[in-house]
1. Hey, for a label at A:F69 modelled as a point 7 Å past Cα toward Cβ, could you say which residues of region A:11-25 have their backbone N under 16 Å away?
2. Using Cα-Cα distances under 8 Å and only pairs 6 or more residues apart, what relative contact order does region B:72-115 have, in percent?
3. State to the nearest 20 debye the size of the charge dipole of region B:1-65 about its Cα centre, where the only charges are +1 on K and R beta carbons and -1 on D and E beta carbons.
4. Which trypsin sites (Lys or Arg not before Pro) does region A:1-106 hold that lie in a coil by DSSP with at most 13 other beta carbons within 10 Å?
5. Only Cα pairs under 8 Å and at least 6 apart count here; give the relative contact order of chain B as a rounded whole percent.
6. Looking at A:Q68, A:A56, B:T109, which one has the Cα that reaches farthest to the positive end of the dipole of the protein assembly as shown (charges on Cβ: Lys, Arg +1; Asp, Glu -1)?
7. Karplus couplings for region B:70-76 from phi (6.51 cos²θ - 1.76 cosθ + 1.60, θ = phi - 60°), rounded to Hz, Gly and Pro as x?
8. Using only Cα atoms, locate the centre of region A:47-92 and the centre of region B:1-70, then give the distance between them in Å, rounded to an integer.
Amino acid sequence: DSGVTQTPKHLITATGQRVTLRCSPRSGDLSVYWYQQSLDQGLQFLIQYYNGEERAKGNILERFSAQQFPDLHSELNLSSLELGDSALYFCASSASGSYNSPLHFGNGTRLTVT
Amino acid sequence: QQQVKQSPQSLIVQKGGISIINCAYENTAFDYFPWYQQFPGKGPALLIAIRPDVSEKKEGRFTISFNKSAKQFSLHIMDSQPGDSATYFCAASEGAVFGNEKLTFGTGTRLTIIP
């Protein structure tokens, strides 16, 4: 068990809808990362937060947004959903952002857009 | 843009054999190269990592070999066991500057160890 909790485990929704994915990092970890995993693209970095502030941005669509709250949990909001957004969304956390502080991944949220 | 190319896509190895997974990168600024292991239904977990100041790093049955001039690195699993059956991802980042930020992952290798 990595200590990173993601909810829900599965989400099925229709095109055009909006969903929120939630992540609770490991106790004490200040950094939260969001990744999208699809069959053909592998793991794609979306965004990172450190202690409540956005730290780095990857290939995150404008329809997607995230935030990290004072209690360090994070939410990823996906809006105007398209079929191509169907994927596994992983949250990871680390104590800092340093490479000496490894990433710990949650078990993911599987999003299916119909 | 695929900055880390991983091969093969899938690999079947007999129990006790050596599993080899290769990765190549383009960005010469990359200086941190971790490997992650992912079991079905789970998130990836860090397996082993290397920095370019060494050409090889070994942890138990797992070894990373690194060739800076060729911009390639590989994972070797010695005495492969059925429990090693998983998907393996290589990754890279400008660790000294960005740490774990913007880790670029390969597309993964599904490894199956057969008895």
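Bear in mind these aren't lab numbers, they're just calculated from the coordinates by the rules spelled out. Keep in mind it's a predicted model, so treat the numbers as computed, not measured. In this analysis, Cβ positions are derived from the backbone assuming ideal geometry, glycine residues included, and neighbour counts consider all displayed protein chains.
1. Residues A:20-25 fall inside that zone.
2. Relative CO of region B:72-115 lands at 46 percent.
3. 300 debye
4. Passing sites in region A:1-106 are A:K9, A:R18, A:R63.
5. Values: 281 pairs, mean separation 42.5, N = 115.
Contact order relative to length: 37 percent.
6. It is B:T109, whose Cα lies furthest towards the positive end.
7. Karplus-based 3J(HN,Hα) across region B:70-76 equals 8, 6, 9, 8, 9, 10, 10 Hz.
8. 27 Å
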